[in-house]
Each structure stands twice: as C-alpha cells, then as structure tokens.
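Chemist: Mind having a look at this structure? Questions to follow.
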Amino acid sequence: MASSPPLPAVLALADDLSGAAEAARALGGPVRLCLTAPTGGAAAGAHDLVVDLNTRHLPPADAADAVRSALRYGGSGAPGSESSGAYGLLYKKIDSQLRGNVAAEALAYAEGAEALVIAPALPAARRTVTGGVVHVDGVPLHETNGWRAERATPPRSVAEAFSGLPVRRIPLTVVRSELPRLEAELKSVVASGAHPAPDAETGADLDAVVAAALRLGPGLRLLGSGGLAGALGRALARPAVPAPAPPSARGAAPLLVVAGTAEPGVARQIAHLTALGMSHLPLDPAELMSGSVEVRAGAVEVRAGVAPVDTVLSIDGSAGLHPAGGRALSAALAALATAWPGRPDLVLTGGETARATLDALGVRELEPVDEIHHGAVHSRTPDGRSVVTRPGSYGAEDSLLRIATALRPHLAATPAAG
C-alpha cells in the first residue's frame, strides 16, 4: 500500500504576537512559534512555522523589508527563482480590522507570486466581509470605533486598505457556488492582473476560498485573518496535537494579568477577576511611563519582594489615551511585568504589550499548547512558564475569567475576599 505524500509545511507570517499565536493554533498540528525571524538557509521540518515579525507599528518600508526577509528564509518557491520553496504553503496573517501596515506588507508579500487571495473575514469574532467591506457585528468598519487607538482613519473597503495593489472583489454568491465556479472566478481575476478578495461571512465560506485556492497551486498566496488560517488548517487536516498536561501553578508562582488595551470592555472583564479575590492595580499612564509607580494602600508591593499574589495590572484610561502613547505604555507595562516577583505565569492582552513583555524576558520561542477561547492562546516558554496571549479587541465579558480559571482552576472555587 502506497504511503500518502507528506503534507506541505506552512510558513505563516504575522505582524503582532497575539495574531501569530492565534494563527499557530488555527493551523492545528505541531507548530513552532518564533518571536524572531530565523536566519540562514533552512529546510522545513515536521512543524509548520509561524513567525511574529512584530511590524504592526513599524514604518511601512521597514515592515515590508521584514516580510521580504522572512520570505527569503522560507523559500518563496516563486516561478523562476533559485529556491524550490522550503515551505510548500505561505500564509500572511493580517488584522481582521485592517490595522497595521497591511498595504506595504501585502505589496512585499506579493513579490514573486501569481496573486494574493485576500480574505480578512473572522466569523468567530463576528467580523465579516460583504460587498467588499469589512463589517463588525454587522456595522461597516469605517462606522465603528475599532480604530480609535489608531492615528489614521479606517478604510471604507478592503480594496481601499490595500492601496497600490489591484484588488477585485468576488461576491458571496460566487463563493457559495459550486467549487469549479469559484475556482474559475479566481483564475479569471488573476488573469486580469488583480488580486481576488472574496466576500465571506462564515467558516464554510472561508473553507471554500481555501479549497479553491489550493487547487490552483502555490502561486496563489493566502493573506487574511485567523479565520483564513483556521480554514487552511481544516483543509490540511494536521495530526492532532497531544492534549496539554493539566494546568500547574508551578508551586507558589503567582498569576499576573497585564491588560494592555484601551478597549472599553476590559473594565467589566477585570471585575470578574476581582470578584475572585485577585488584586487589581489600575495604573496612571503618566506615572507608569515615568517609572514612578507608587505602592498604594492595600496594593501589591512590587519591589520589596513580599509574597506575591494573583494580580491584574491595567491602564487607567479615565483621562483618555492618546494613540501616540501606546508603544510607550506597552514598554512600561512590560518593564513592570518583568520585574514582578515570583516569576509569574502571564496573561497578556494586546499584541504589542505581549511582545514587549516577552522581549523584556528574553523569550524567543513559544510552544502553543491550547486555546482557551477564540484568540486566547495558552503557550509555554522554554523554561516552563505559562503565557496566554489575546488580542485586545477579543473576548466576551467573561474572557479574562475563563483564562484565569483555566490556568488556576482553584480560583473558581475561591471565595472573594470580604
């Protein structure tokens, strides 16, 4: 009996850490999650490779160069190139609300490809694409406040977000037609010199897009949200990753939740944790960035080495937050988390905060082991510390509660301090 051909390895590129972790879990199967782009020649091994390029807030030209460098490592397999393609499939993760350097990175990613298949829909987070426009909970993106922490205004369409790249929409009726029709439409768009951008509202829509794209070969590169990564993972049917070992509190290690996001719902999420008895430290942005965080009555002593407790750190946004201060706040939060006593396990919301914290800790690779809920990925560091990453805009009101009790099951049975 002939053995089945080996499944092609995937090289996935992301622009922030929480997105990289989301993509890693969505692909399924064994995967390496790297926080630094590998260098030198390499052949694909038994694992897919997901790389956080950490380009969300870089200048566009630098972000594009980071994409090109990663593609050189992976071997683009472009027609006529000297590389045979160390990785058989390429996937580029973008933000489902089209934030970041999506146009500059897409232009670099398209070099050497026949075309990109652009699908930012993320049905699990109620983000869909209809009429060529991203919708959040049914509202067009440009009419929401999803870009309130950005310095720019949101694009009015997918095509507008990818300025400089010819993009042609594929309607939902074609996506939901027979596969040969969708495949033919993809080929027609590519033949016209454009990049197909299919509408999608459901996981099944994205499954159809991936199935048609894979039939047309590696010249088409996938670019989209974690929803598209999930569809790719389902199509490849990777071997299941062994179930993670039961959660361990690593002895007396505390749990530190770092809420590095300006999302308005985070206060309600934190309230669920304080109801369990976790300490909460809302931090004044000016004090935090100046390095002069003071110990308040009843708060946790950070620097004197007293016995640590499970704690939530958050930004006090009562006076409003300026978009330009986001990176500085993430760095200041990272410095505080790194100095926290007891080598805590970490819950990090917001990709920039997560990346800054792990950079400060010297972590260069993560092993994704579980997904607590959509987008909330539990990983382990090489030295055994648990880290949960989650995009700042994800999660229902009980998101942090579910994460905390997954890492510390005893918290669910712990009465709140009276």
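Chemist: Among the residues in the stretch 188-195, are any surrounded by fewer than 19 Cβ atoms within 10 Å (Cβ to Cβ), assigned to a loop (DSSP other than H, G, I, E, B), over 29 Å from the mean Cα position of the chain (by Cα) and at pLDDT 95 or above?
Modeler: Yes, there is a match, as at least one residue in the stretch 188-195 is surrounded by fewer than 19 Cβ atoms within 10 Å (Cβ to Cβ), assigned to a loop (DSSP other than H, G, I, E, B), over 29 Å from the mean Cα position of the chain (by Cα) and at pLDDT 95 or above.
Chemist: Within the stretch 312-333, can you find the residues that are at pLDDT 90 or above and in a helix (DSSP H, G or I)?
Modeler: Matches in the stretch 312-333: none.
Chemist: Separate question: Is the stretch 70-89 home to any residue that is modelled with pLDDT under 95, within 21 Å of Gly219 (Cα to Cα) and assigned to a strand (DSSP E or B)?
Modeler: Scanning the stretch 70-89 turns up at least one residue that is modelled with pLDDT under 95, within 21 Å of Gly219 (Cα to Cα) and assigned to a strand (DSSP E or B).
Chemist: Looking only at the stretch 344-398, how many residues end up being of a type in the set (Asp, Glu), under 23 Å from Gly227 (Cβ atoms) and buried (at least 24 other Cβ atoms within 10 Å of the Cβ)?
Modeler: Matching residues across the stretch 344-398 total 1.
Chemist: Is it the case that Arg296 is modelled with pLDDT under 55, of a type in the set (Lys, Arg) and surrounded by fewer than 18 Cβ atoms within 10 Å (Cβ to Cβ)?
Modeler: The answer is yes for Arg296.
Chemist: Could you please find all residues in the stretch 167-186 being closer than 19 Å to Arg221 by Cβ and of a type outside the set (A, V, I, L, M, F, W, C)?
Modeler: Listed by number, the residues that qualify are Arg168, Arg169, Glu183, Glu185.
Chemist: I'd like the full set of residues that are assigned to a helix (DSSP H, G or I) and of a type in the set (Gly, Ala, Ser), limited to the stretch 213-236.
Modeler: Matches in the stretch 213-236: Ala213, Gly226, Gly227, Ala229, Gly230, Ala231, Gly233, Ala235.
Chemist: Now for a separate question. Just the residues that are hydrophobic (A, V, I, L, M, F, W, C) and closer than 23 Å to Arg126 by Cβ, please, taken from the stretch 175-195.
Modeler: Of everything in the stretch 175-195, just one residue is hydrophobic (A, V, I, L, M, F, W, C) and closer than 23 Å to Arg126 by Cβ, namely Val175.
The values are calculated or read from the model by the stated rules, or taken from the named source; none is laboratory data. What you are looking at is a predicted structure, and each value in this text was computed from that prediction instead of being measured. Cβ atoms come from the backbone with ideal geometry, glycine included; neighbour counts cover every protein chain shown.
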